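A.B. asks: One structure coming up, written as structure tokens, with questions to follow.
The values are calculated or read from the model by the stated rules, or taken from the named source; none is laboratory data. Everything numeric in this text was worked out from a predicted model, so none of it was measured. Note: ideal-geometry Cβ built from the backbone for every residue, glycine included; neighbour counts use all protein chains shown. Surface accessibility is based on the protein's heavy atoms, side chains included, excluding ligands, DNA and RNA. Shrake-Rupley method; radii C 1.70, N 1.55, O 1.52, S 1.80 Å.
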Amino acid sequence: MDILQTAAQALAAIRKSKPLIHHLTNYVTINDCANITLAIGASPVMANDPQEVEEMVSHAAALVINIGTLDATKVQSMIAAGKQANTLGIPVIFDPVGVGATSFRRQAAGQILQAVQPTVIRGNMSEIKTLAGFEAVTRGVDSAVDTADGDQAAQTVAKKLNCIVTITGKMDLIVSNQGLYRIDNGHPLLANVTGTGCMATSLIACFCGVTTDYLASAVGGIAVMGIAGEIAERSLKPDEGIGTFRVRLFDAVSNMTPELLLRHGRVNQG
Amino acid sequence: MDILQTAAQALAAIRKSKPLIHHLTNYVTINDCANITLAIGASPVMANDPQEVEEMVSHAAALVINIGTLDATKVQSMIAAGKQANTLGIPVIFDPVGVGATSFRRQAAGQILQAVQPTVIRGNMSEIKTLAGFEAVTRGVDSAVDTADGDQAAQTVAKKLNCIVTITGKMDLIVSNQGLYRIDNGHPLLANVTGTGCMATSLIACFCGVTTDYLASAVGGIAVMGIAGEIAERSLKPDEGIGTFRVRLFDAVSNMTPELLLRHGRVNQG
Amino acid sequence: MDILQTAAQALAAIRKSKPLIHHLTNYVTINDCANITLAIGASPVMANDPQEVEEMVSHAAALVINIGTLDATKVQSMIAAGKQANTLGIPVIFDPVGVGATSFRRQAAGQILQAVQPTVIRGNMSEIKTLAGFEAVTRGVDSAVDTADGDQAAQTVAKKLNCIVTITGKMDLIVSNQGLYRIDNGHPLLANVTGTGCMATSLIACFCGVTTDYLASAVGGIAVMGIAGEIAERSLKPDEGIGTFRVRLFDAVSNMTPELLLRHGRVNQG
């Protein structure tokens, strides 16, 4: 069975079992992440306080750690929740939002990745290059090296952190020790709406919540977002813009079926 | 005059007097709560800091306390604001989001309910059952008992806390010492959008801001949300999904009139 | 070249150079501010933590300081970011949300304005009157005096703080030491959606990110929001309400062109 078929089966499983996805995420797109999780058929819960994250994650099928609008308390919660998820075998999906922008974020990302084993990391090219440039995760304060090649950056991070790494952009890239996939779905308008990256991360987590084939989960989450972007864009009339596009994105994810995923997904290995 | 007529008159009063509704609420749906408050014709204000909540609530016609994305500082603010609201005779609408999920939330809910007299509590079945299972509000850390019956759980909480209790779900239930009402409005899609529960809580608060008939206020807020869900769902075309449904919910609340509420509300006593 | 032409050129420059706009803003409308910044063609970044705001603002073309949902830590971050912006010559756009509502907000606004030189302040009539009533910025705890006239309040603040002051409302007012402009765009429905004021502030910041003509920037940001409100309202069908209006606002900003701004902007001097 090819990887897209595995993802399509997982999509059916999400709609059936409604996995609980615990998010430790930013305040900009927290509502979008909750709604996209509901749209794909899963169940979101958001909880940040250090006093409750370990208990909350124990109920969850997957944990999202997203470092936008970070603060020191949240870093502590992310580490506690992530370690607990590791202990319980719950997959951890890490989104290094803006990790290259400040030394605070680089240090925080370094601390989190030193303490927590991520299952999948999803970022844009710049973010993954920043992680690739960390000389050692324990230091985590080096700025991005000039990695000319996204493939190489993703492979460096995947090897160093022993996890799946995805770079979303014009062409999406998914790398693991078992192989490399490219997804040729999506539309440039996705970059004009805040949170489409964060939402892709949440979608990956929804897939990880129903299967241990995490590579297929990354493919599924990224492909669903990309296909939804294509459907949303095609639906736009002349006077419509990013407001309507954003609404239709949620429509398209809520109407996504295994059949649509198989028909429209453009996934290539190698 | 029956309870729906009282609610319809209150809706007219909301649009006329634009009551200020102070929210201490979660970060996931805070924007939705502000917009639904505006849609019904009231005026939202969100303020969390312990240094300002007592002064802010003194300007308000009603106070919403919603415990999603809770932290220790916010618990302190909720208690301060709630006590001040009690002192000033301002109704307090309490939403125990996810109260059963962690001991931190159960303890926090217990502390708040020990210090603050709620006017109306709105939750889902699981949340109200958790509150019903509190052996004593002062302890507040017991997990949900197996209360087979929603009616019984709501009545237990209503009696113990001397307030109105509503359970929203397939059939909405509103219980007070003066009686029990069921509302048969709504649509299952409401569960597929984040914040529809929080928004129902905000709508109840808007009604409580213009009348001391808090039972009619609970009926009005719940019925408006349910009817809006029905209107939003009926408007959907085949390719539309939860993104459009969510937009139409706000449309339907902003276009709600006393006449529509009377015509479409399905409220039964007992 | 008149001021609207300057603003139209700046709009073209925003779409070309995609200036980074750092926001220290409230949790109610943070997603709206990010999306409106993207809609006009700029790039938003939200970061609050005291440990990273100085570094983050150094990457930015403009800084927004918006005091909704304030807390003590955020005041500290706002002062640090604002001082750094002043040092680096980065324009600071200040939005005194609800400044008159509590003494905490008045004190915080006073502290921020004592430490940070704003480039543009945008508020509603009540907020600007509150700032006008500050006997001295160093005290900042006096409540609003009864300034009968918005023009006078804006001029008082503009002179006292040596910055541009805009009051948005039925008729928008923009005041600087170089003159006074009135903008007769907009629609009353804008007041029925949360965040339209915050979004206008973000739009002003986007313009300030590409030109040092900050008066034209204020005119441009306010006019774009007002014209978008008109376009959004005209597009509404009978059953549509504030949900659809809000979506169309983003559509209209994302479709705004220099030509549309010139054709529909109603800007008058004096």
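A.B. asks: Given the conditions (1) away from chain C (no Cβ under 14 Å); (2) open to solvent by 20 Å² or more (accessible area, probe 1.4 Å), which single one is not true for A:Arg248?
C.D. replies: All conditions are met except number (1).
A.B. asks: Consider A:Asp239 against the criteria (1) within 14 Å of chain C (Cβ to nearest Cβ); (2) crowded, with 23+ Cβ neighbours inside 10 Å; (3) not hydrophobic (A, V, I, L, M, F, W, C): it satisfies all of them except one. Which criterion is unmet?
C.D. replies: In the conditions (1) within 14 Å of chain C (Cβ to nearest Cβ); (2) crowded, with 23+ Cβ neighbours inside 10 Å; (3) not hydrophobic (A, V, I, L, M, F, W, C), A:Asp239 misses (2) alone.
A.B. asks: Tell me yes or no: at least one residue of the stretch A:255-270 is assigned to a helix (DSSP H, G or I) and within 13 Å of another protein chain (Cβ to nearest Cβ).
C.D. replies: yes
A.B. asks: Also: So is A:Phe104 within 26 Å of A:Ile14 (Cβ to Cβ) and either at pLDDT 95 or above or assigned to a helix (DSSP H, G or I) (or both) or not?
C.D. replies: No; evaluated as a whole, the condition is false for this residue.
A.B. asks: Continuing with the same structure: Have a look at A:Gln76, A:Gln51 and point out the one that is at pLDDT 95 or above, open to solvent by 20 Å² or more (accessible area, probe 1.4 Å), over 19 Å from A:Thr196 (Cβ atoms) and at the interface with chain B (Cβ under 10 Å from one of its Cβ atoms).
C.D. replies: Just one listed residue meets the conditions, A:Gln51.
A.B. asks: Can you confirm whether the stretch C:11-30 contains a residue that is part of a strand (DSSP E or B), open to solvent by 40 Å² or more (accessible area, probe 1.4 Å), under 22 Å from A:Ile242 (Cβ atoms) and not acidic (Asp, Glu)?
C.D. replies: Within the stretch C:11-30, one or more residues are part of a strand (DSSP E or B), open to solvent by 40 Å² or more (accessible area, probe 1.4 Å), under 22 Å from A:Ile242 (Cβ atoms) and not acidic (Asp, Glu).
A.B. asks: Follow-up question, since we're still on this one. Just need a number here: residues in the stretch C:59-76 that are farther than 15 Å from C:Tyr27 by Cβ and touching a strand residue (DSSP E or B) at 6+ places or on another chain (Cβ under 9 Å).
C.D. replies: Counting residues in the stretch C:59-76 that are farther than 15 Å from C:Tyr27 by Cβ and touching a strand residue (DSSP E or B) at 6+ places or on another chain (Cβ under 9 Å) gives 5.
A.B. asks: Something else about it: Do we find that A:Ala62 is under 16 Å from the mean Cα position of the chain (by Cα) and in contact (Cβ under 8 Å) with a residue 24 or more places away in the chain in this structure?
C.D. replies: Criteria met by A:Ala62.
A.B. asks: Now for a separate question. Working only within the stretch A:107-122, note down all residues that are open to solvent by less than 40 Å² (accessible area, probe 1.4 Å) and not in a helix (DSSP H, G or I).
C.D. replies: A:Val116, A:Pro118, A:Thr119, A:Val120, A:Ile121, A:Arg122
A.B. asks: Of the residues in the stretch C:171-211, how many are in contact with a Pro (Cβ under 8 Å, 6 or more places away or on another chain) and either open to solvent by less than 30 Å² (accessible area, probe 1.4 Å) or closer than 22 Å to B:Ala42 by Cα (or both)?
C.D. replies: Residues flagged as in contact with a Pro (Cβ under 8 Å, 6 or more places away or on another chain) and either open to solvent by less than 30 Å² (accessible area, probe 1.4 Å) or closer than 22 Å to B:Ala42 by Cα (or both) within the stretch C:171-211 amount to 6.
A.B. asks: Say we look at the stretch B:79-89 and pick out the residues that are buried (at least 22 other Cβ atoms within 10 Å of the Cβ) and of a type in the set (A, V, I, L, M); which of these is nearest to the other protein chains (Cβ to nearest Cβ)?
C.D. replies: B:Ala81
A.B. asks: Let me ask something else about it. From the list A:Thr130, A:Thr69, A:Thr102, which one is in contact (Cβ under 8 Å) with a residue 40 or more places away in the chain and either open to solvent by 20 Å² or more (accessible area, probe 1.4 Å) or more than 23 Å from A:Phe207 (Cα to Cα) (or both)?
C.D. replies: Result of the check over A:Thr130, A:Thr69, A:Thr102: A:Thr69.
A.B. asks: Out of the stretch B:116-127, which residues are at pLDDT 95 or above, over 14 Å from B:Ala200 (Cβ atoms) and of a type outside the set (A, V, I, L, M, F, W, C)?
C.D. replies: Matches in the stretch B:116-127: B:Gln117, B:Pro118, B:Thr119.
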